[in-house]
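Undergrad: One structure, as structure tokens, below. Some questions next.
The values are calculated or read from the model by the stated rules, or taken from the named source; none is laboratory data. Small disclaimer: the values here were computed from a predicted structure and weren't measured. A quick note on method: Cβ atoms are made from the backbone with ideal geometry, for glycine too, and the neighbour counts reach across all protein chains shown.
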Ligand code: BG6
């Protein structure tokens, strides 16, 4: 019987080592019934299977959720075949097809873990030997480099793959606490009744990273923080935090609710009040970065959503590399009480590294006093559940693709609207000739990002 096969283009890249192989290892070790397939790893370099697995081993050790053992890893390597190929050479696809036939491999899922400029050539190569029409394809973000390239890419891909077989991955949609936002919001009247601009002063989505750009200078320098993180991951989070009740948790209802938010994002007129870009000191010394590059490694922005629910409530977003911590959190800052000295209530959804929900409210200080003190309720999901049993984002999404479940994949119209917004931000920033502010590594980013909030009397919640 033919075996199904999962082919990864870009098999020696950072994404494959850091995210995909650990995810497949977890699925293999957990005996996941959906993981019945062979993994074909495509790379240009000449490795034997053993050599490739020896490299993969260290990454799996470091990044897999499930414990590493030699025995488990050996079991996993039985699923892996390294296949050397220059995927930009259209003639090489005939041999790839022969390889599949000889090994009786069918039912294809192709994973394009490569820069978007290669999507088209790979799709063409697969079409040439009639493989594209038989399989599904998973594409990594960023989907394009701007709106025009994304449109072109989409048009071309749809020539090769049928739209229902295209899965555009945004791994933030697979994160446990991102998937929890809907439940937290809609199943708790104490939150759902207050989830609007009448009660919420601001929403803050923060995703600082302590890592730099590592070995990804070539990609990152052409991209930057807005394209790398905001256009996709952070706008997805924003639209889930802000959307209306999707009526049912179906992929179409959810997608429609998110799209309405992206459409309602107010176009930025005064860029000085909306965006701060930064670059860490020492960025120019990174490998493959242009000597005078002005690519931003930090972005902080303020967005308004022009609908009845959110009229007048700013959504602040910030992300950056080489900062003093790695975390993702969403802070909901409630409007102040009429009692002047009472600190504001704050709800924080902690996405990573620890997962949970934190609520800050006011109490009377114990004793013979009327003074107010802050009480903190901190639900730590990470210690409550067995983390080993909770699949990582990539595991979830790979399984969802195998199951044909599109709920947690990006849809083309979301991508289009987000690019449109991000392109305009870039244009305006450039047009106004605004600086990309330098910041120290291991800091909280440029201080101008604080001023972005202070103009409205707000502060980042740290
Ligand atoms: C990727 C970005 O999509 O997400 C990287 O390209 C970033 O630059 C990464 O580091 C962050 O993912 P996570 O899951 O570690 O928050």
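One line per residue, one yes/no per condition, for (1) more than 16 Å from the ligand (Cβ to nearest atom); (2) closer than 21 Å to residue 442 by Cα; (3) surrounded by 14 or more Cβ atoms within 10 Å (Cβ to Cβ):
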site: 196; (1), (2), (3): yes, no, yes
site: 217; (1), (2), (3): no, yes, yes
site: 220; (1), (2), (3): no, yes, yes
site: 231; (1), (2), (3): no, no, yes
site: 235; (1), (2), (3): no, no, yes
site: 250; (1), (2), (3): yes, no, no
site: 257; (1), (2), (3): yes, no, yes
site: 268; (1), (2), (3): yes, no, yes
site: 276; (1), (2), (3): yes, yes, yes
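Undergrad: Could you check how many residues of the range 431-449 are closer than 14 Å to residue 299 by Cβ and out of contact with any strand residue (DSSP E or B) (no Cβ under 7 Å at 6 or more places or on another chain)?
TA: Within the range 431-449, residues that are closer than 14 Å to residue 299 by Cβ and out of contact with any strand residue (DSSP E or B) (no Cβ under 7 Å at 6 or more places or on another chain) number 2.
Undergrad: Then there's this: Collect the residues in the range 435-462 that are outside any strand (DSSP E or B) and in contact with a helix residue (DSSP H, G or I) (Cβ under 7 Å, 6 or more places away or on another chain), keeping them in residue-number order. Explain how you work it out, then say what you get.
TA: Keep residues of the range 435-462 that are outside any strand (DSSP E or B), which gives 435-436, 440-442, 444-462.
Answer for the range 435-462, where residues must be outside any strand (DSSP E or B) and in contact with a helix residue (DSSP H, G or I) (Cβ under 7 Å, 6 or more places away or on another chain): 455, 459, 460.
Undergrad: Looking only at the range 338-358, count how many residues are farther than 19 Å from residue 240 by Cα and away from the ligand (no atom under 15 Å from the Cβ). Steps first, answer last, please.
TA: Looking only at the range 338-358, we keep the residues that are farther than 19 Å from residue 240 by Cα, and these are 338-345, 353-354.
Among the residues that remain, those that are also away from the ligand (no atom under 15 Å from the Cβ) are: 338-345.
Going through the range 338-358 one residue at a time, the tally reaches 8.
Undergrad: State the number of residues belonging to the range 380-414 that are modelled with pLDDT of 90 or more and either assigned to a loop (DSSP other than H, G, I, E, B) or farther than 22 Å from residue 173 by Cβ (or both).
TA: 2
Undergrad: May I pose another question? Only one of these conditions is not met by residue 210: (1) more than 16 Å from the ligand (Cβ to nearest atom); (2) part of a loop (DSSP other than H, G, I, E, B); (3) modelled with pLDDT of 95 or more. Which number is it?
TA: Residue 210 satisfies all of (1) more than 16 Å from the ligand (Cβ to nearest atom); (2) part of a loop (DSSP other than H, G, I, E, B); (3) modelled with pLDDT of 95 or more except (1).
Undergrad: So which of 335, 302, 309, 325 is more than 14 Å from the ligand (Cβ to nearest atom), touching a residue at least 60 places away in the same chain (Cβ under 8 Å) and out of contact with any helix residue (DSSP H, G or I) (no Cβ under 9 Å at 6 or more places or on another chain)?
TA: Details: 302 fails: out of contact with any helix residue (DSSP H, G or I) (no Cβ under 9 Å at 6 or more places or on another chain); 309 fails: out of contact with any helix residue (DSSP H, G or I) (no Cβ under 9 Å at 6 or more places or on another chain); 325 fails: more than 14 Å from the ligand (Cβ to nearest atom).
Checking each option against the conditions leaves just 335.
Undergrad: Looking for whichever is part of a strand (DSSP E or B) and away from the ligand (no atom under 16 Å from the Cβ) here; the options are 201, 164. Which one fits? First the steps, then the outcome.
TA: Details: 164 fails: part of a strand (DSSP E or B).
Selected residue: 201, the only one of 201, 164 that is part of a strand (DSSP E or B) and away from the ligand (no atom under 16 Å from the Cβ).
Undergrad: Can you pull out the residues in the range 27-68 that are closer than 23 Å to residue 107 by Cα and assigned to a loop (DSSP other than H, G, I, E, B)?
TA: From the range 27-68, those closer than 23 Å to residue 107 by Cα are 27-43, 49; that's our starting set.
Of everything in the range 27-68, those that are closer than 23 Å to residue 107 by Cα and assigned to a loop (DSSP other than H, G, I, E, B) turn out to be 30, 31, 32, 33, 34, 35, 36, 37.
Undergrad: Now for a different question. Residue check, residue 243 against (1) closer than 24 Å to residue 415 by Cβ; (2) in contact (Cβ under 8 Å) with a residue 40 or more places away in the chain; (3) surrounded by 20 or more Cβ atoms within 10 Å (Cβ to Cβ), all met but one. Which one?
TA: Residue 243 satisfies every listed condition except (2).
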